[in-house]
Amino acid sequence: MSDRVDIKVGFQCNNHCLFCVQGEKRERFQPRSLPELRRRLKEGREKNITSLVITGGEPTMHPSVLAMVAQARKLGYTNIQIQTNGRLFAYEQACRRFIAAGATEFSPALHGPNSEVHDFLTGAPGSFIQTVSGIRNLKRLKQRILTNTVITRPNYRQLPETARLLGELGVAQMQFAFVHIVGTAAKNRSWLVPRKELARPYILDALRVGRGQGVRVMTEAIPPCLLPGYEECASEWIMPATLVFDAEGVIDFANYRKKEGKCLGPACPKCRWSKQCEGPWKEYPEMFGWTEFKPVLR
């Protein structure tokens, strides 16, 4: 039974992130038509799902996204999240249009505390200023903001500073997601992907900073054995069961994560967290092995 629907409206994007999991999908797939989007929305409601995430690519670039949001509200979706790079929301009128259509929360991505780091990773000069401006606009309009920061080798040392900035911006939640080594990230893996043991002190410090500002802090794809004192921040434990309408089919995302996407190592059965933990994305131990993952003994 799914609790949420994730509809990928298309893969166009005005960023060119060096870690993008969608890879070349922007060249391979056309944006979904409005009739198809409406059909997918109806399918979700027929399953009594009332929570929706609109994703891409960059969903705000889809010409029918506002009509989709309005249709979702009409059908009875009560939680409508826009997962975005946040750049369009630098324009206050765009914020107001999405709010008026029925969006209830926004999930912009910020990958560094300054233009130098963020713009390098997104491949889009000026994107940091636009994303931060977008967050400020949405906050001023009293919207719920949940951010995501992808952890990479170029930005992991700045995670505490990024957390400090997000706290100052007034976000409701900040998530730090370890890079998934697929798509564009796989092509750049040799220099993009950090060892988790090297990034861990900075991740823990970022969680401490965020929590100290009264913000909910979460991680993704970081097993609890690497989060001493912050085990409850692992988002996998609370992720709603999500039905993903992707370009190549419909995915039961929780089942995919547990049975295909992630894996446990040879020492994991000894760990006190073994029944709750999903492990890292499988590509990580394929690259670095399992020596970093020490079971937490009872």
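The values are calculated or read from the model by the stated rules, or taken from the named source; none is laboratory data. Computed from a predicted structure; not experimentally measured. Cβ atoms come from the backbone with ideal geometry, glycine included; neighbour counts cover every protein chain shown. To get the accessible areas, we keep the full protein, side chains included, count just its heavy atoms, and leave off ligands, DNA and RNA. Shrake-Rupley method; radii C 1.70, N 1.55, O 1.52, S 1.80 Å.
I want to confirm something. Restricting to region 99-138 and keeping residues that are over 22 Å from LEU52 (Cα atoms) and acidic (Asp, Glu), which single residue is least open to solvent (accessible area, probe 1.4 Å)?
Ranking the candidates gives ASP119 first.
Quick check: is even one residue across region 105-120 in contact with a strand residue (DSSP E or B) (Cβ under 8 Å, 6 or more places away or on another chain) and within 22 Å of LEU34 (Cα to Cα)?
Yes: region 105-120 contains one or more residues that are in contact with a strand residue (DSSP E or B) (Cβ under 8 Å, 6 or more places away or on another chain) and within 22 Å of LEU34 (Cα to Cα).
With a cut-off of at least 1 residues that are touching a Phe, Trp or Tyr at 6+ places or on another chain (Cβ under 9 Å) and crowded, with 20+ Cβ neighbours inside 10 Å, name the strands (runs of 3 or more DSSP E) lying wholly within region 188-298.
216-220, 242-246
With respect to the numbered conditions (1) modelled with pLDDT of 95 or more; (2) in contact with a Ser or Thr (Cβ under 9 Å, 6 or more places away or on another chain); (3) under 25 Å from GLN173 (Cα atoms), which one is the sole condition not fulfilled by ALA254?
ALA254 satisfies all of (1) modelled with pLDDT of 95 or more; (2) in contact with a Ser or Thr (Cβ under 9 Å, 6 or more places away or on another chain); (3) under 25 Å from GLN173 (Cα atoms) except (1).
Take region 160-187 and flag every residue that is buried (at least 20 other Cβ atoms within 10 Å of the Cβ) and farther than 30 Å from LYS142 by Cβ.
Correct list: PHE178, VAL179, HIS180, ILE181, ALA185.
Report, by residue number, each residue of region 203-257 that is touching a Leu at 6+ places or on another chain (Cβ under 8 Å) and acidic (Asp, Glu).
Result: ASP205, ASP252.
Which number in (1) touching a helix residue (DSSP H, G or I) at 6+ places or on another chain (Cβ under 9 Å); (2) in contact (Cβ under 8 Å) with a residue 40 or more places away in the chain marks the one condition that LEU34 misses?
So LEU34 meets the others, but not (2).
Tally up the residues in region 7-31 that are touching a helix residue (DSSP H, G or I) at 6+ places or on another chain (Cβ under 6 Å) and modelled with pLDDT under 95, please.
Total meeting the criteria: 1.
Output yes when any residue across region 145-168 is hydroxyl-bearing (Ser, Thr, Tyr), at pLDDT 95 or above and over 24 Å from CYS95 (Cβ atoms), and no when none is.
Yes; the residues of region 145-168 include at least one that is hydroxyl-bearing (Ser, Thr, Tyr), at pLDDT 95 or above and over 24 Å from CYS95 (Cβ atoms).
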